[in-house]
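Okay, structure first, notes after.
The values are calculated or read from the model by the stated rules, or taken from the named source; none is laboratory data. All values reported here derive from a predicted model rather than from experimental measurement. Glycine also receives a Cβ, built like all others from the backbone with ideal geometry; neighbour counts cover every protein chain displayed. Areas reflect the complete protein model, heavy atoms only, side chains present, ligands, DNA and RNA absent. Shrake-Rupley method; radii C 1.70, N 1.55, O 1.52, S 1.80 Å.
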Amino acid sequence: MSHIYHLGQPGERIALQDISGDIRQGELLAIIGPNGSGKSTLARHFNAVLLPTRGTVTVNGLSTADPANRWEIRCRVGMVLQNPDNQLVAAVVEEDVAFGPENLGLPPEEVRRRVDRALALAGLGEQRLRPPHLLSGGQKQRLAIAGALAMKPSCLVLDEPTAMLDPAGRREVIQTLLSLNREEGLTIVLVTHFMEEAVLADRVWVLSGGRLVLEGTPAQVFSHREALQKIGLALPGPAELAWRLRAAGWPVPAGILTLNDLVACLADLLSETGWGQQ
Amino acid sequence: MILVEHLTHIYAPGTPLALTSLEDVSLRIEEGEFVVLAGATGSGKTTLVQHFNGLLLPTAGRVLVDGRDTRDKRVRRDLWRTVGLLFQNPEQQLFEENVFAEVAFGCRNLGLDEGTIEIRVRRALEMVGLEPVRFGTLSPFALSRGQQRRVALAGVLAYRPRVLVLDEPTSGLDPAAREQIWQMLKGMQQHGHTVVVITHHMEDAARYADRVVVLHRGKIYRQGTPRQVFGDPEGLRAVGLDVPMPGELMYRLRQRGLPVNTGILTLDEAEAELKKLAPSGKACPVM
Amino acid sequence: MMLSGITLGQYIPGRSFVHRLDPRTKILASAVMIMAVLVCNKPAGYVFLTLGTLLALGFAGTSPRLLVGILRPFWVILTLTLVLQLFFTPGQVLLALGPLHVTREGLVLGGQILWRLILLIVFSSLLTLTTSPLMLTAALESLLKPLQRAGVPAFDLAMMMTIALRFVPTLLEEAQQIIKAQQSRGAVFTRGGLLQRVRGLVPLLVPLFAGAFRRAEELATAMEIRCYRVGANRTRMHQLRYDWRDYAVLAGTGTLFLATLALRWWG
């Protein structure tokens, strides 16, 4: 799969300006940026909810600007929004998941199959007959994911899906996304303002003021500490601490992003030199 | 300042939908304290703070503010002047035609004169980092979400309640905006206000709170200084919370047999603690 | 403004006999029963209808407590109806309270109207209590299908209804939140003269509408993302099928209706 964009929106408020890039089949791409940087606007271009003012967005060679492609693109690129309460349509879990396939006019048996599979993938099999408003925040967001999965997309775009969740709910959703990416080979685009989540991606895009200012692997992107700070983003905690130690002359290698990395590195470093035994 | 005694709260008691939200909670919040309330969704945090300004009344037990019982109707009517409560996503309660009027709403309800209101609104807008001249005449609906949040916050600051209670004031904001709000709240405490904040951001809680109270399924699960509460990562994770990264790091290094102090809350402290082990980077052999 | 207990029109999931009936059966049966209640004017008819209602409640697994919850929001209307009929129907005086007279005719009429109202409320609630909004819509869609050919947009009407049902509880909750939030900054909704009260509603209504529009916009996006198209042909995961239970229920209610009708004319 590939998307190519050259986006630009003239007018009083330019939301996005001259963004070009491609998303590859099977990757997990994180899009980060401060509030108002255009992350959500960009995400809504990926499945033809918004159309570029200038430039093009293509999904598997299909341009989103062509109305004839719109439904095909929406089946290929599923989307989950920030607020779970505003995207659930039905009053029973499995009926909500069925909403998408029913819209496609699929035969009832096929809808049933898809619903069962989507619920299993999102780990909601046991909740199938419950009303959504009694689910926890993390479960509601996994339900929204199941609803998107029932369309059998090859790519899932999530617009700050964890912003309204507590830490446990956040972990649930991220775990679900990681397993969908790793085990089902689903392409995932995760818009987030949690740096700890961006670290888990294969690649990261950094948006600021509607422009794509940085792009690369998490290790590459988070090596630009000052550039990120200037636009109001902080390094993930472990990366920040590693940077400070390195600045103080410690031989901490570059590319430390997660707590696991940092613990392993420091434990090695400190025990090798004998400080651990003091 | 606020005294909670054996508070139990049940929603819709006596119906099939009855739900016990708080059970036998006792808590004391001192004048001038900065308290963080933490807990997973549904742990009862929001229900608890809505008792502080009399929006909810105890099913059993009682809540005293300045020694006065919130069950007393006359006490309750004026409680909002003392305990300023900012709801979650407060940008959704804005309604005035311009920012100035929005921020002045609380002051007008206090019955202040226009001159005083003008001064207070300006001051409040400055405190939240919105230039009064530039923003005062704009419609609140034309602002970004982060700016709307700050307008709502200014609306509480302007009528100067002695206690500020904020329900997840930083949810959905980016790191820079989050930091700004915490700094501002710390400033309010230094000016003598009592501050109570509900949050999921444990790192922020660790840096700013004098005391952390963790709720779990309607009961107090842990309370104490951040150092005491965050010293037990396993316990916190069990109730669906995160542990601040620096504390977790030290805890895990310690598990690996390194002689580090585990009562660490902030990155600065972690940095200092590690440097104690190897005072000068130059002493390190290059890997 | 507090909403306690059961919200009007709420669905409570379950596996009872009534829950598992075809939703079309439930709509038709409810309609027939409501007509029966309206045409009924003989004591024997009320006995039949009451027995039918009790039977339906039993098969739906409705607890007496839930029944009280259903009726509670209506107690003001119910009491008012009874009192008005009691005191203002001319006839044979049974009891005199100062200038007010309770009459025999008033007692009969008041009791009749009260009982009718209760039966109507119970029946319409039973339908929404035991049928999920989506099933209700599916049923309406199916019942209205003949009209679709005549140019009535039955599918879209049905979808509009589902969404309205889905969001009523959400909006009620939101209204409560806003009231509390404004009270927290000193707003007063219950004091002052009429003008002051009306003006006092602005801090509630503006955010409520703003919120509803925001939700509507997001929901529209969410539906579009999942390929919802106005006027397109949708399918249903749950196919509606009548079985013997449905025929039995329809036959039962039909008989009850004819019996009441017969009593009215010849009884």
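Magnitude of the charge dipole for segment A:3-217, about its Cα centre and with charges confined to Cβ atoms of Lys, Arg (+1) and Asp, Glu (-1), is about 160 debye.
With R₀ set to 45 Å, the beta-carbon distance separating B:ARG71 from B:GLU126 gives a calculated FRET efficiency near 0.75.
Against the criterion of solvent-accessible heavy-atom surface with a 1.4 angstrom probe, C:TRP75, A:TRP243, A:TRP205, C:TRP266 sort, most first, into C:TRP266, C:TRP75, A:TRP243, A:TRP205.
For the pair B:GLN255 and C:ARG72, label points projected 7 Å from Cα toward Cβ lie 4.8 nm apart.
The candidates B:GLU96, B:GLU126, A:GLU126, arranged from most to least accessible area with a 1.4 Å probe in the full protein assembly, appear as A:GLU126, B:GLU126, B:GLU96.
If you take each beta carbon of peptide A:161-173 and count the beta carbons of other chains within 10 angstrom, what is the mean?
Working: counts 0, 0, 3, 6, 4, 12, 13, 8, 4, 3, 3, 1, 0.
Counting Cβ atoms of other protein chains within 10 Å of each residue's Cβ and averaging gives 4.
Model label points for C:ALA216 and B:LYS275, set 7 angstrom from Cα along the Cα-to-Cβ axis, are 5.9 nm apart.
For chain B, a Kirkwood radius taken over Cα pairs fed into Stokes-Einstein (37 °C, viscosity 0.692 mPa s) yields D = 159 µm²/s.
Which number do you get for Rg(Cα) / (2.2 N^0.38 Å) in segment C:150-201?
Numbers: Rg = 17.9 Å, N = 52, 2.2 N^0.38 = 9.9 Å.
Taking the Cα Rg and dividing by 2.2 N^0.38 Å, one obtains 1.81.
The orientation-averaged shadow of the Cα convex hull for segment A:236-277, equal to a quarter of the hull surface, comes to 2.7 nm².
For the protein assembly as shown, report the % of Cα-Cα distances exceeding 39 Å.
49 percent
Calculated on the Cα set of chain C, radius of gyration then Dmax: 22.9, 69 Å. Size descriptors for segment C:1-155, from the alpha-carbon set: Rg then Dmax equal 18.9, 63 Å.
Take the alpha-carbon positions of segment C:185-264, form their convex hull, and give its projected area averaged over all directions (one quarter of the hull surface) in nm². The orientation-averaged projected area of the Cα hull of segment C:185-264 comes to 13.4 nm². The Stokes-Einstein estimate for segment A:191-278, based on a Kirkwood radius over Cα pairs and taken at 20 °C with 1.002 mPa s viscosity, is a diffusion coefficient of 154 µm²/s. Report, in degrees rounded to the nearest 10, the 0 to 90 angle that the Cα long axis of helix A:237-247 makes with the longest principal axis of chain A. Rounded to the nearest ten degrees, it is 30.
What FRET efficiency comes out for the pair C:ALA251/C:ALA164, r = Cβ-Cβ distance, R0 = 22 Å, nearest 0.05?
Values: r = 33 Å, r/R0 = 1.48.
Plugging the Cβ-Cβ distance into 1/(1 + (r/R0)^6) gives 0.10.
Taking every alpha-carbon pair under 8 Å whose residues sit at least 6 apart, segment B:2-226 reaches a relative contact order of 28 percent.
When the listed pairs B:LYS45/B:LYS73; A:LYS39/B:LYS276; B:LYS73/B:LYS186; A:LYS39/B:LYS275; A:LYS230/B:LYS275; A:LYS140/A:LYS230 are checked against a 30 Å cut-off, the alpha-carbon distance exceeds it for A:LYS39/B:LYS276; B:LYS73/B:LYS186; A:LYS39/B:LYS275; A:LYS140/A:LYS230. Amide H contacts for A:TRP205 (H built 1.01 Å from N in the peptide plane; partners 5 or more residues away or on another chain; cut-off under 5 Å): A:ALA30, A:ILE31, A:ILE32. The coefficient of translational diffusion for chain A, derived via Stokes-Einstein from the alpha carbon Kirkwood radius under 37 °C and 0.692 mPa s, stands at 164 µm²/s.
Calculate, for C:GLU173 and C:VAL93, the FRET efficiency according to 1/(1 + (r/R0)^6) with r their C-beta to C-beta distance and R0 45 Å; round to the nearest 0.05. Let's see the in-between values first.
Working: r = 49 Å, r/R0 = 1.09.
Once the sixth-power term is evaluated, E becomes 0.35.
Size descriptors for segment B:131-287: radius of gyration and Dmax over Cα atoms are 19.4, 62 Å. Counting only Cα atoms, the size of segment B:9-164 along its three principal axes is 51, 31, 28 Å, in decreasing order. Considering only beta bridges that DSSP places wholly inside chain A, some 40 percent are antiparallel. Connecting C-alpha atoms closer than 10 Å in a GNM of chain A, tell me which of A:ASN103, A:ASN69, A:ASN60 has the biggest fluctuation. Greatest mean-square fluctuation among the candidates belongs to A:ASN103.
Dividing the summed helix terms, -39500 (n - 2.57) for each DSSP H run of n ≥ 4, by the number of residues in chain C produces a 222 nm estimate of -24000 deg cm²/dmol to the nearest 500.
Can you tell me the equivalent ellipsoid semi-axes for segment B:215-278? Use √(5λ) from the Cα gyration tensor, largest first, whole Å. If you can, show how the numbers build up before the last one.
On the way: eigenvalues 123, 26, 14 Å².
Gyration-tensor ellipsoid for segment B:215-278: 25, 11, 8 Å.
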